[in-house]
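Here's the structure, in structure tokens; my notes come after.
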Amino acid sequence: MSYSEFLGMGAELSLMAVIILLFIYDTFTSSKVGKYLPITAILLLGIQTLYLAFGNSLGLGGLNDDTSLFGGMYVSTNISNVAKIILNIGTILVFTQAASWVKEDDMKIRRGEYYVLTLITLLGMYFMMSAQNFLLFFIGLETASLPMTALVAIEKYKENSYEAAAKYLFFAVFSSALMLLGLSYIYGATGTLYYTGIASELTVTPLTIVAIVLFLAGMGFKLSLVPFHLWTADVYQGAPTVVTSYLSVISKGAAAYALMVALTTAFGSGSEVWFNVLYIVIALTITIGNLFAIRQQNIKRFLAFSSVSQAGYIMLGVMSYENGFGDASLLYYVLVYIFSNIAAFAVAGAIERASGKLNINDYDGLYKTNPKLSVAMMLAMFSLAGIPPFAGFFSKFFIFYSAIETGTIPMYVLVFIALLNTIISLYYYLLVVKAMFLKDNETPIATIKSDGYTKAVVFVTALGIILLGLVSCVYDYIYNAAI
Amino acid sequence: MDNNLTTMYIYLAISGIMFFAGVYGFIARRNMLAILISLELMLNAVDINFAVFNRYMHPTVLEGYFFTLFAIAIAAAETAIAIAIIINIYRNIKNIKSDSLDKMKN
């Protein structure tokens, strides 16, 4: 092995550079200069995103298509690069949302930790998505989920925060252990941990069936698929809102993409096993996530169950990987989901910071006092529900289209179940809209003066929700990278 | 060879018992430290699995041992974070019973 192979990992190295720069900046600057940390973090990550997007065409190096390093352990392709760009965009939005939160008194001394830990989880997700070996996959997964625990617990004097952190940690480790047990049986049966090696050695035996199911169960916890979703509501509610929005979009998107790569590459020859399991899990996830979301009063719990059911839609893309649309529509869905969900969390977070209110009932009459926030929230709800012409409609359309393309009767049934569930979801998404626009309230939440960062993130996400669907070059870009 | 396989089965049985003892402890215990110990039991059972498979099934390459080493390191990191969170909980509410973490049930 030559050490120059490290230089092939352009995306990871540049992100590591960002982390180190931010760490140095936070550690060695006075508190006067330190207050520019949020904008520095956003700018540095923005530059790194530009490098990922255009570094190749500018000839900057390190981002060659189909880079295969360390004996095939790490493989970077065009599509994984696009996935990283999408996650970066989401992280930039979350950082913008976080800027006003880290200015608060008890967060001031911890803001450096917030940015560095978030970026380290992002680094773990990079490795997880580029992994072609289960060792690297596992390391990436844990690098993503252990700092995440610290982030959930970052408001350490608030009861909800540490309660959520304990629950998240125990569930995360439990699911990792399940996944590892599955992987150990895979290793025993095939003698290798490389995806390609497993693909050629794997035969469907009782042992490998158990192994694949255990692996799926472990990943199902990370993606909060039913029946492994029980931690979601509590953790989403207890974590600081900024962390919740990161957790609900970025880690979910990364885990979905990495799971798709692992299932299609490594377990491609055992696809009849995981196909059936995933089929039932998706149908359950979409339905149960929806049914529980109806009952929720707390907006964060509500969004948690909504994200459970959205995870089911995301996984539909995995089911249709064979026809070549699957990965593109999955990533497009994740991109649109990032914008919609961050818009919802940004509005909820702004209201929470200003008034401390988190119940949907408190939103009654919000339009009268905060028209802009209400419209942004409405756009987010419409997009999550999939109403045309907003982006959510197109992402659902592509996901359903790619699933229908497979052309088998069971897939038609599954898409039909998913369609029925979009109608159910319309009901509860519109409950929020109804509360804001139609219900009268004697004492609505007072007009909120939000700072520039919050305005920026609400504006950008609202714009994204309107434009991402209509501007077709976005989907073209993803699709061209996928083929 | 047969003799070898029998030895492997014994190891696998031990690690299986360890793993599911861990699962039982995870579900049944109420003390968060006990839950943490149960999780360690599960992770270590998996480590044994990897090492045993490497030793008896695929002795030519060392992938399983390497996986074990990395898994041990990651388990240590996980324990460190878990202990930090448990200490934080103890400071705040003066006990570490998992039952007392029920403030978010509406």
When a/c reaches 1.5 or more, the comparison of a/b and b/c decides; with that in mind, is the range B:1-79 rounded, prolate or oblate per its Cα gyration tensor? oblate
Cα convex hull of the range A:325-406: mean projected area in nm², to one decimal? 5.9 nm²
Could you list, in their original order, any pairs among A:Lys156/A:Lys455; A:Lys158/B:Lys94; A:Lys156/A:Lys252; A:Lys252/A:Lys300; A:Lys167/A:Lys222 whose Cα atoms are separated by more than 18 Å? A:Lys156/A:Lys455; A:Lys156/A:Lys252
Rank by packing, highest mean first: peptides A:196-209, A:390-403, A:22-35, A:262-275, with packing defined as the count of other Cβ atoms within 10 Å averaged across residues. A:390-403, A:262-275, A:196-209, A:22-35
What is the range A:70-126 by shape, rounded, prolate or oblate, if you read a ≥ b ≥ c off the alpha carbon gyration tensor as root eigenvalues and call it rounded for a/c under 1.5, prolate for a/b larger than b/c, and oblate otherwise? oblate
Which chymotrypsin sites (Phe, Trp or Tyr not before Pro) from the range A:119-214 combine a DSSP loop assignment with at most 12 other Cβ atoms within 10 Å? A:Tyr157
Only Lys, Arg (+1) and Asp, Glu (-1) charged, at Cβ; chain A dipole about Cα centre in debye: 1220 debye
Using a Debye calculation, one point per C-alpha and no hydration shell, please list log10 I(q)/I(0) for chain A at q = 0.06, 0.11 Å⁻¹ in order. -0.24, -0.86
Peptide B:66-72 - average C-beta neighbours from other chains (10 Å radius): 4
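For n ≥ 4 DSSP H runs only, could you compute -39500 (n - 2.57) per run for chain A, divide by its residues and tell me the 222 nm figure to the nearest 500?
Counting only the DSSP helices, I get -24500 deg cm²/dmol.
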Looking at the range A:173-231, I'd like the Rg to Rh ratio, where Rg is from alpha-carbon atoms and Rh is Kirkwood's inverse mean 1/r. 1.03
Below 8 Å, C-alpha to C-alpha, sequence gap of six or more: please give me the relative contact order for the range A:3-482 in percent. 14 percent
Directionally averaged projected area (convex hull, Cα atoms, the range A:151-260), nm²: 7.1 nm²
Could you please tell me the mean projected area of the C-alpha convex hull for the range A:213-364, averaged over all directions and given in square nanometres to one decimal? 8.5 nm²
Test item: B:13-21 mean partner chain Cβ contacts at 10 Å: 1
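Throughout, read-outs are computed from the coordinates displayed, never taken from laboratory work. Just so you know, these numbers come straight off a predicted model, no measurement behind them. No Cβ is skipped: glycine too gets one built from the backbone with ideal geometry, and neighbour counts run over all protein chains shown.
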